[in-house]
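First comes the structure, then the notes that go with it.
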Amino acid sequence: MELPRTLEVLATMGPEELNIVLQALHQRLSSGLQQSPSIDFKLKRKVNHADGLVERLQSFTGPDKETRNILATNFDRWMQNTRDFWNTLDEHTNTGLSAEAQVVQLYIRARGDDA
């Protein structure tokens, strides 16, 4: 089967040019044409998971108050003896703390084997 001239041109394009063409096709098909029963294929934008991670990281406002308090309260112990810090956090301080603060405490206790 011989390719139509348009496809021959597409085959010679570099990635940047091809992305422009595909974006235009995607926009055209998204206008409702893609739902037509006469269209046998669907063109979907590639999901870039890294973009989502970067967006979530950029919207992160930092740890909550309780987590900051745990870290600040234990700063001196951390600086004096890192291994002791990981091994001896008070196991009863997580009552009423946010989930983030509890995760920090659990992580600290779990890491006791290798500070």
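The values are calculated or read from the model by the stated rules, or taken from the named source; none is laboratory data. Predicted model, so just to flag it, every value in this text is computed and none were measured. Note that we place each Cβ from the backbone using ideal geometry, even for glycine, and neighbour counts take in every protein chain shown.
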* Structure fact -> Restricted to the stretch 62-112 and to residues being modelled with pLDDT under 75 and acidic (Asp, Glu), the residue surrounded by the fewest Cβ atoms within 10 Å (Cβ to Cβ) is GLU91
* Can you tell me which residue in the stretch 1-52 is farthest from the chain's Cα centre (by Cα), limited to those that are outside any helix (DSSP H, G or I) and at pLDDT 85 or above? -> THR12
* Structure fact -> So, first residue farther than 13 Å from LYS44 by Cα in the stretch 16-31, second residue at pLDDT 85 or above, Cβ within less than 8 Å, six or more apart or across chains; the pairs are VAL21/MET13
